[in-house]
């Protein structure tokens, strides 16, 4: 870009292509309140569904009496498992190879589980009617503590699969066991640990949290019985997969199902899977022949649709005395709740948790994960991270600090010493991944310099001494985290969902006047796809982004794709749109050659058209070429300018970043002030720096929420005690720290435009960074690990345990 | 999150409101700003058949001086409390407290009468009123009476109000100019109820504390008056060690619940820390 002439620069700027801080085009409607969400949809004759939910975490259903509800004027139908069973829809398959009850049949297995679905003329009557459904329960003993789930005498939770000795990933060890997943070389790892100079071990829990998008999950199902066609609007991060699964489940041919995801108010993984609400709305619409709307409220969202994390990670590192890591060993107890409804690629029951060796050149490692059932809501989704990557990042980044503490080494120095070196890329990790590119040392050193790391450590040292002398009751913590993500699932060789390879797609059509519509297999939930995809096209095709419309979410018009989650839109669909654009450009070159009466090999691309090499006046713009493609194509060449690409990426992409946090902890109240937070992200080629910054701000805010206060908590009888925003911590602008963002650029060598994806990096790097800061505040007093979330009372309890309250 | 069916009434006078409440009986609830009642109704923890909306009672929104007292009408919003220059000058503790209640949107609707009358232990104004030794004007069908804030709270959501009665105004004796006061509230986020909070009111003369009053928010079924803690202070020269001792005495009477804000031991200790910090700040130590 630097060697452009003024004329070229002016033309390039007009395109608003890659690298431009283009304002988000979708915001024009969002900031005016003119978005079109599922709940905005009004159809003639539409009725409303609402759930009767279980008050108990584990109970036998003795009897359901719907007569009083049915007698309420305005109530159209009440569905229970008895109605769904003949249709074989009382259970639905999950993405993880398990089944999940749509409506509870004989037992309920978590509080707020769906028991009956009431349909009424309006949502107010439905809300009244659910109170009239009488359900008789017999309470059963609950399993809440994951560490007690596999005790020999633990209550049997899943009676429906009690005789199933083989799960989706091998033998089940216990009636509450789901799977064991092992990666790495166990004997070699054990051998390294046996003779290690230094080892550390810590049980690091990543608490159960919830993505809590501003818009909750919702659907409208409308069955046209005459045509035999079902239209389903919903909050779907992956609408095409919903259509395929819907067809397989219902028997309605796939071409007669129209799935439409309109504007979505945040997903963060919460809207990837299928929920009982969708199935019940569909069945009710088929039964009634009327459109049925279902919209969950906040309590339902927090307590019944997919949670995230709940990983309990026993983590060990082996190292030399001078701080060279020689091995890693991790065992995870994964609490999946009552049904295994994790949304991971089929072959990865713990997602990509085997990225747990992080950014470090660890020669040997072993990982095993045990998934178990408890009386909690199902889920385990990738909440603003690629599959289980933030768990992995938290695990390695926390244990790195524990090791640094044991070695008496600075945490930044330990990281620098063990980073994968630039010349090692593509790097084969001990647990099976091939990292595409990275320059970790440069990023880390830039971060350390930017925050004045040495001065911060000096200030901390002085404050610690002042604390010991009793002159202050405040502790200063410096959190360092360096993460490597693995996003862009993914190559069909190892990634599929229910057998569908995880490619993605783009379909581009250039109109005669040179404007464009491009349709994508992904689905924005706020990421700004309408803006950024257009920027890729603008650069690739020389058409101004303002003349490009991006469409997603309608399965009738969009090409098949696997949707948006796991930061996969840019790595996968971003590849598809670039590749499709290049097909168009190749054809455009043929047309330009024809128009300029030269060989196409005599042409070169110049910003927004083709120029004859050495003859700068002989130029055809893409607009001219587009027109020509419809009225004067070269003989023998098909008219029009269209292309489709289904992009199967050769590898994942591996964004990385260096984050540093400075926190001040009040030991007497346990409250914490985040004084500073610096985030350096390397997501390869940067398409829109402003959107990247916005993504980082949002992801860091969610990371702050998780690290500092979020928890979906159950009491000992299985009541979920954090089911509303009065109790579940959602930070507001007041609590949110100020963010400093920075970047380096290490393009992905295998991606068509070198981009890696960024939406989830700040969550993956942010959570360990906050947690390390709080832990660092107390580390000089001998504390090695304090569990998240670092809310006031837990931090105070940590100080209490260290005897800091006199 | 949809409340049960109810009938809505909007009386234009206190007499009309009281008559309605008495006619409709137990199934009727008065509603002022609605910030406690509406969430309870949406979760169907409360299902009144009748709502008597007090927002038509414009004559209950006032702040005026009467002799040595400030009288605040029950329908005065938290925003109006904050905006009153007279209150800011004579009773800065009220403004300071109101600014820590929820957020501006809520304060535009939330009323001081609703805050004190509902008996929600999480509300901030009740402890402040106990600290200031305020009196509540209560009207019912049988006429009006005054109840001291310190006598008003009997349990969570249980108060000295009889069915059909309304708090119409709050009378606060204005402490002498130069008094010292503070409200310290520890909370998880903006809009949250207190983990613990403490209101303090002090007078200092000749280097000695001559009067002290301390009350605690959200560390018991009701707001708590920390008598033993304030007794410790009177007659003493103020210093930080004394504030700490008073804080410990305040913590000793706290009986908080264990909830998402923290376990009992923590919240009790925070009642003490908030007391200590309120005293230190009020005294300028």
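Read-outs: derived from the displayed coordinates by stated rules, not from any lab. Predicted model, so just to flag it, every value in this text is computed and none were measured. Cβ atoms come from the backbone with ideal geometry, glycine included; neighbour counts cover every protein chain shown.
Average projected area of the Cα convex hull of the stretch A:82-214, in nm²?
Reported value for the Cα convex hull: 13.5 nm².
Per residue Cα convex hull volume for the stretch B:58-173, in cubic angstrom?
In the stretch B:58-173, the Cα convex hull volume per residue is 99 Å³.
Per residue, what volume in Å³ does the Cα convex hull of chain A take up?
Taking the convex hull of the Cα positions in chain A, it is 176 Å³ per residue.
Compute the convex hull volume of the Cα atoms of the stretch A:510-628, divide it by the residue count, and report the result per residue in Å³ as a whole number.
100
Taking the 0 to 90 degree range and rounding to the nearest ten, how far is the long axis of helix B:14-24 tilted relative to the main principal axis of chain B, both from C-alpha atoms?
Compared with the principal axis, the helix lies near 70 degrees.
Using 0.36 nm per residue of separation minus the Cα-Cα distance, give me the extension gain between residue A:631 and residue A:421 in nm, one decimal.
70.1 nm
Can you pull the one-decimal nm distance between simple spin-label points at residue A:638 and residue B:248, each 7 Å off the Cα toward Cβ?
8.7
Between residue B:106 and residue A:4, what is the label-point separation in nm under the 7 Å Cα-to-beta-carbon projection?
A separation of 5.0 nm, rounded to one decimal place.
Can you figure out the FRET efficiency of residue A:498 with residue A:471, using R₀ = 41 Å and their beta-carbon distance, to the nearest 0.05?
Between residue A:498 and residue A:471 the formula returns 0.10.
Please work out the Cα center distance from the stretch A:259-308 to the stretch A:516-548, rounded to the nearest Å.
28
What percent does the relative contact order of chain B come to when contacts are Cα pairs within less than 8 Å and at least six residues apart?
Contact order relative to length: 15 percent.
For a Förster distance of 25 Å, can you work out the FRET efficiency between the beta-carbons of residue A:556 and residue A:122, rounded to the nearest 0.05?
E between residue A:556 and residue A:122, to the nearest 0.05, is 0.25.
Which distance in nm do the two modelled labels at residue B:157 and residue A:457 give, with both placed 7 Å along the Cα-to-Cβ direction?
In this crude label model, residue B:157 to residue A:457 measures out at 5.6 nm.
Is it possible to state the helix-based mean residue ellipticity at 222 nm for the protein assembly as shown, with each DSSP H run of 4+ residues giving -39500 (n - 2.57), the sum divided by total residues, to the nearest 500 deg cm²/dmol? What is it?
Roughly -9000 deg cm²/dmol at 222 nm, from the helical runs in the protein assembly as shown.
Share of antiparallel DSSP beta bridges in chain B, in percent to the nearest 5?
85
Per 10 Å bin, what percent of the C-alpha pairs of chain B does each bin hold, from zero upward?
Going from the shortest bin to the longest, the percentages are 7, 29, 35, 21, 7, 1, 0.
Can you give me the P(r) profile for the stretch B:181-283? Cα pairs, bins 5 angstrom wide beginning at 0, each as a whole percent.
P(r) over the stretch B:181-283, rounded to whole percents: 2, 16, 27, 24, 15, 9, 4, 2, 0.
Measuring from centroid to centroid over Cα atoms, what is the spacing of the stretch A:698-773 and the stretch A:560-616 in Å?
37
Would you mind getting me the FRET efficiency between residue A:163 and residue A:82? Use the beta-carbon distance for r and R0 = 30 Å, nearest 0.05.
Efficiency for this residue pair is about 0.80.
In what order do A:156, B:87, B:166, A:730 fall by count of nearby beta-carbon atoms within 10 Å, going from fewest to most?
A:156, A:730, B:87, B:166
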